[in-house]
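K.L.:
Pasting in a structure now, in structure tokens, and then I'll have a few things to ask.
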Amino acid sequence: MLHIYDSLSRSKVPLTPAKPGCVRMYVCGMTVYDYCHLGHARMLVGFDVVQRWLRASGLQVHYVRNITDIDDKIIRRAVETGKRLGEVTSFFIDAMHADERALGVQPPTAEPRATGHVGDMLEIIAELERRGLAYRAEDGDVNYAVRAFPGYGKLSGKSLDDLRAGERVAVGSSKRDPLDFVLWKAAKPDEPDESKWQSPYGLGRPGWHIECSAMSRALLGLPLDIHGGGPDLKFPHHENEIAQSEGAYGGALANVWMHCGPLMVDADKMSKSLGNFRTIRQTIGRGPAEQAGYDPAQGDDWYNPREAEMLRFFIVRNHYRSSLNYAPDNLFDAQNALDRLYQTLQNVPPGPPAELDWQAPAAQAFKAAMDDDFNTSGAVAALFELAGEVNRQRSAQAAAQLRALGGVLGLLQQAPAAYLQCDTRYRRRAEGEAADAPALSAQAIEARLAERAQAKRERDFARADAIRAELRAAGIELEDKPGGATQWRRN
């Protein structure tokens, strides 16, 4: 049975869906005012693996991941650029989807936008007001009365007194308590008209927290089987969601709470607010990092497929709850490890696609790891055990199993030769070369291999060795195969 670490109970619990065989999972998604950074990549890939394993386990999965398309940051970006809110959000939603495709992140079952559920939010606010948990403030906002909800703080483990000690009431605030949070924001004269909705509370727009309470209930119903998100959402966002949903409707908002760990840079969490972030596009894009951006005309040719899978592997081989440290050396190590798996598949091509044999030892080890709170580090270890068997036995059947098990994690689905011959521009950038330094083309490499083959036929082995050394200096490794053929790959 699959067990998941529940952030609320702080223990591993068995997954017991309310409807047997069907899992309803809601994950808080992106606020679309900028490009996704590597911290976002960790969340996207982490929950993609979760839904993949649930499906591989024979469960029907309804996976909802929302989009926040109305927010102070979005309004600010629109005003700064002179664009409409819809133009800003549509652009960054398309960029996010392109990032997801590059990383092998499968689309969720549904991807609601906050602006499409304002009516649902107003319904919850009205219910909270009826129950004495929401009040209209003098400035026109509608706020949640935190102290009126007895369970506040149970997810984060924070007491109201501890929270109160760190809060200050802003000048001019009409909150009754500094812990109270906004459910509905009164419109301001200088904000765009498209950011305002009519409501019983006057012209305005929803606060951030209320949107997920509304969308999760509208699309999945309560309680959710799994509610997930990034590490920074546990407090206050998810704490506030619990207060809203459970305060309005009673019962539990979710049976299991999942939070992935942070992506760290020099002991700090990667975030836009700290300015230490690196976007997905800067990391896996084909062009110079400083020019990385979204261009619809590029289609999906903007990214380097080898580096994209390297980034996914870097994330997947670590447990989703662990603290993951971003550093070039760590990415290089991930690439080298992934290269070894692809070299195994190239040396022993798998036979025709076949059903996974879950009774095989490697598959059982893989399954045991994944059933233990999605332990992908253990699952990846099982892949390397199986790769060792493939290399020893030269078994096409075992190679097919390796590829199939990798596919459960969204890995090892590229043609090995194409993967190994793809230029690793990220490595060259990080090692100090110019971002646009040209790599040897495949045609140039093949031409040098033809010269080397001719030198060997003429028994000019010194020239053949010199060509090998020249190619190695350019980051090209050669492997002579029986029968005279030579395979090449880029480091």
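Throughout, read-outs are computed from the coordinates displayed, never taken from laboratory work. Values in this document were obtained by computation on a predicted structure and should not be read as measured data. Heads up, the Cβs are rebuilt from the backbone with ideal geometry, glycines too, and the neighbour counts pull from every protein chain shown.
K.L.:
Rank these for me by crowding, C28, C22, going from fewest to most other beta carbons within 10 Å.
P.N.:
Arranged by neighbour count, lowest to highest, C28, C22 become C22, C28.
K.L.:
Test of understanding: what is the full-extension gain from A442 to D193, defined as 0.36 nm times their sequence separation minus their Cα-Cα distance?
P.N.:
84.2 nm
K.L.:
Only bridges whose two residues both fall in the chain count here: according to DSSP, what percent of them are antiparallel, nearest 5?
P.N.:
About 55 percent, rounded to the nearest 5.
K.L.:
Compute the separation of the alpha-carbon centres of the range 357-429 and the range 78-155 and state it in Å as a whole number.
P.N.:
About 39 Å separates the Cα centre of the range 357-429 from the one of the range 78-155.
K.L.:
Follow-up. What number, rounded to the nearest 500 deg cm²/dmol, is the helix-based mean residue ellipticity at 222 nm of the chain, given -39500 (n - 2.57) per DSSP H run of at least four residues and division by all its residues?
P.N.:
Only helices count here, giving -13500 deg cm²/dmol.
K.L.:
With the crude spin-label approximation of a point 7 Å out along Cα→Cβ, what separation in nm comes out for N391 versus H3?
P.N.:
3.3 nm
K.L.:
Taking the convex hull of the Cα atoms, report for the range 18-263 its projected area averaged over all directions, in nm².
P.N.:
13.6 nm²
K.L.:
Evaluate the Kirkwood expression for the hydrodynamic radius of the range 440-490, namely the inverse of the mean inverse distance over all pairs of different C-alpha atoms, and round to one decimal in Å.
P.N.:
By the Kirkwood definition, the hydrodynamic radius is 10.9 Å.
K.L.:
Tally Lys and Arg at +1 and Asp and Glu at -1 over the other residues with C-beta under 12 Å from the C-beta of G250: what net charge comes out?
P.N.:
Its environment carries a net charge of -1.
K.L.:
In what sequence do S156, S7 fall when counting other Cβ within 10 Å, fewest first?
P.N.:
Result, fewest neighbours first: S156, S7.
K.L.:
Once the dipole of the chain is set up with Lys and Arg at +1 and Asp and Glu at -1 on Cβ about the Cα centre, which of P200, C260, F332 lies farthest towards its positive end?
P.N.:
F332
K.L.:
If you consider only alpha-carbon coordinates, what radius of gyration and Dmax does the chain have, in Å?
P.N.:
26.1, 92
K.L.:
Working only with C-alpha atoms, what are the Rg and Dmax values of the range 309-433, expressed in angstrom?
P.N.:
Reported Rg and Dmax, both Å: 14.8, 48.
K.L.:
Follow-up question, since we're still on this one. Sort 346-356, 240-250, 360-370 by the packing proxy (mean of other Cβ within 10 Å over each peptide's residues), most packed first.
P.N.:
Listed from highest to lowest mean packing, they are 240-250, 360-370, 346-356.
K.L.:
Applying 1/(1 + (r/R0)^6) with R0 = 51 Å to the Cβ-Cβ distance of K19 and E458, what FRET efficiency is obtained, to the nearest 0.05?
P.N.:
0.10
K.L.:
How would you order 253-265, 142-154, 187-199 from highest to lowest mean count of nearby Cβ atoms within 10 Å?
P.N.:
253-265, 142-154, 187-199
K.L.:
Could you derive backbone 3J(HN,Hα) for the range 450-463 from the dihedral phi with the Karplus parameters 6.51, -1.76 and 1.60 (θ = phi - 60°), listing whole Hz in sequence and x where the residue is Gly or Pro?
P.N.:
5, 5, 5, 4, 5, 4, 5, 5, 8, 6, 8, 6, 5, 5
K.L.:
What order do you get for 326-337, 289-300 when each peptide is scored by the mean count of other beta carbon atoms within 10 Å, highest first?
P.N.:
326-337, 289-300
K.L.:
Please list, ordered by chain and number, the residues whose modelled amide H lies under 5 Å from the amide H of Y5; skip anything fewer than 5 residues away on the same chain.
P.N.:
Amide H neighbours of Y5: V13.
K.L.:
Largest first and in whole Å, what are the equivalent-ellipsoid semi-axes of the range 189-243 based on the Cα gyration tensor, each being the root of 5 times an eigenvalue?
P.N.:
Equivalent ellipsoid of the range 189-243: 26, 14, 9 Å, largest first.
K.L.:
Please give, to one decimal in nm, the separation of the simple spin-label points placed at S11 and Q413, each 7 Å out from Cα toward the Cβ.
P.N.:
Distance between the two pseudo-spin positions: 3.8 nm.
K.L.:
While we're on this one: For each pair in K19/K234; K158/K196; K19/K154; K185/K234; K234/K367; K19/K367, compute the distance between the two Cα atoms and list the pairs where it is over 31 Å.
P.N.:
Check vs 31 Å cut-off fails for K158/K196.
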